[in-house]
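Remarks on the structure that follows.
The values are calculated or read from the model by the stated rules, or taken from the named source; none is laboratory data. Computed from a predicted model, the values in this text were never measured in an experiment. Cβ placement follows ideal geometry from the backbone for every residue including glycine, while neighbour counts extend to all protein chains displayed.
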Amino acid sequence: MIAITVITPAIASTPLWSPTGRENIETNLRSLQGFLKSPVGQNRSVDFARQSWIKNFLNQSSTSLVPTRRTASAKIGLETLFVQARHQGVEVVGSGVLQHINTEGRITYTNRLAEFDLKATPTLDAADARALARSLHERYDISGATRLRILPNEDEVSARLTWWIRAKDIQGNREPRQLVVDAHSGEVIADYSLHYSIAPIHVFEASSTCQEVEPSGEPVALKLSDCVNSVANGRVLRFADESARRAFENSKKALEFYDTNFGRDGIDGKGSDVVSVVHAGVNFDNAFWSDEGQMMAYGDGDGVTTGDFTLGLDVAGHEMTHGVISSTANLAYFGESGALNEAYADIFGKLIEGSNNWRLGTALFLSADENSAIRDLKDPGTLTANYFNEKGQIVTKPYPRTLGERFRTTAKCDGKNDNCFVHINSTIQGHTGYQVIKALGRSNAAQLFYATLTQYLTERTNFAQNKAATLKACNEIGLLPSECAKVEAIFAAQGY
């Protein structure tokens, strides 16, 4: 069984290590002894804070480290502690140290420490940041705390001070949004939906009485208490329609896949209920996973190009894998981390489906022509992507296969450019994943991808870091050196 443990606020509220000079290392090590006796600190070594590069980081007066999560998989034989970095008391997105212990007790580390010089005092206060978010989304209010976080740039030697603002519809379950705003200039760096489009099980059938629908047909608010519950606690009720029954089977197969292969207890690793909604929207040609609602939603398709989205097991597996990602690496849904989020969802979606068809979503299309797929992991360039360039012009290009073909933009990451091309650039890692599956076989590849995703990646992992993480995981989970050499050669051929 995999155990996801989050340190309680009482433990996490104070950094274990926040030295003001070299003389504090021994004091911090004594603090560490107390942590090692806690449930989250079990089997951890004092060696952690004696690593020279960690000591150098901690010897800076502005830095500290806080343990935030432990992930263990007995089937893979690996356990990882993620220790979050802070700068001047402010969390640094995706920055920290991952300490890994395998079944032999060998300890290794993954360095995700971003180092930069930055004063963590905002010019724009939290109230002004929230007001900016409301001005962009008038029907939304702010849900939860507005968090001040440091966002490292791609070079990882510079960073920006940012406000992270969660916005939610005032009147219902309109898709929640995440905004990232520069805490000095007020520039909106990212503005993206937290519905990631393409345990006990519950399925609800949406209708006009329990949902609000945009003129486009997209569902923007769902009130489950007013929807028909056609599968309750895994029991299919007699009046459940075919869509509800397929949604139930999709959830069951995804849960069985994660349990059988990795010992994972439910989508979130905690055995929580799995909720699905069918007939979402009106002629809605998409499906999505909602982190906030821990819910899978299926549209019926537009009736012209696509049909009922419950028909695609790979699409359902893709969406529910977003829930796995959110409770582990939590890859931020913009830029390269967002593309990795989509790629891992694609890869596991196809593994859950279990076929030799590497095109995503073919079962959804009403005609079987060469374009009847969402993405193609085997031959990405056989399908084309449409997007708006920075001049507002629609551009059509083949989906990228290699790192050198990735789409780039200097604009803010939002819906106009697919959150800086998260779906489009996903085929780079998706195609890499396909080749690894062919080289190692499904079982070994699945173990490698799962270990990498859940125990080696952090929130803002980029393509290069993902490669390094995959190779490191490969050497820790018992794969042969010759197999890991094949994986390394695949990444090299992909332009990494």
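Of the listed requirements (1) part of a loop (DSSP other than H, G, I, E, B); (2) modelled with pLDDT of 95 or more, residue 302 misses just one: (2). Quick one: is residue 330 of a type outside the set (Ser, Thr, Tyr), surrounded by fewer than 20 Cβ atoms within 10 Å (Cβ to Cβ), outside the structural domain of residue 220 (by TED's automatic domain parsing) and under 19 Å from residue 423 (Cβ atoms)? Yes, satisfied.
Residue by residue, here is whether (1) surrounded by fewer than 20 Cβ atoms within 10 Å (Cβ to Cβ); (2) of a type in the set (Val, Ile, Thr) holds:
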{"residue": "351", "(1), (2)": "no, no"}
{"residue": "362", "(1), (2)": "yes, yes"}
{"residue": "367", "(1), (2)": "yes, no"}
{"residue": "375", "(1), (2)": "no, no"}
{"residue": "381", "(1), (2)": "yes, no"}
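Residue count for region 357-377 satisfying the condition of being under 25 Å from the mean Cα position of the chain (by Cα) and farther than 12 Å from residue 307 by Cα: 9.
Being within 16 Å of the chain's Cα centre (by Cα), among the hydroxyl-bearing types (Ser, Thr, Tyr) and crowded, with 23+ Cβ neighbours inside 10 Å is the requirement here; does residue 399 meet it? Taking the combined requirement at face value, the residue does not satisfy it.
Summed over region 264-274, residues that are surrounded by fewer than 19 Cβ atoms within 10 Å (Cβ to Cβ) and either under 16 Å from residue 250 (Cβ atoms) or β-branched (Val, Ile, Thr) (or both) total 1. Here 290, 326, 276, 337 are screened, and the one residue that is modelled with pLDDT under 90 and closer than 27 Å to residue 411 by Cβ is 290. Among the criteria (1) surrounded by fewer than 21 Cβ atoms within 10 Å (Cβ to Cβ); (2) in contact with a Lys or Arg (Cβ under 6 Å, 6 or more places away or on another chain), the one residue 462 does not fulfil is (2).
Residues that are among the polar types (S, T, N, Q), part of a loop (DSSP other than H, G, I, E, B) and in contact with a strand residue (DSSP E or B) (Cβ under 9 Å, 6 or more places away or on another chain) within region 367-408 comprise 371, 372, 389, listed in sequence order.
Here is a yes/no grid of residues against (1) surrounded by fewer than 24 Cβ atoms within 10 Å (Cβ to Cβ); (2) of a type in the set (A, V, I, L, M); (3) closer than 16 Å to residue 346 by Cα:
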| position | (1), (2), (3) |
| --- | --- |
| 237 | yes, yes, no |
| 276 | no, no, no |
| 290 | yes, no, no |
| 303 | yes, no, no |
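For region 265-292, a residue qualifies if it is farther than 19 Å from residue 177 by Cβ and among the acidic types (Asp, Glu), and the qualifying residues are 265, 268, 273, 285.
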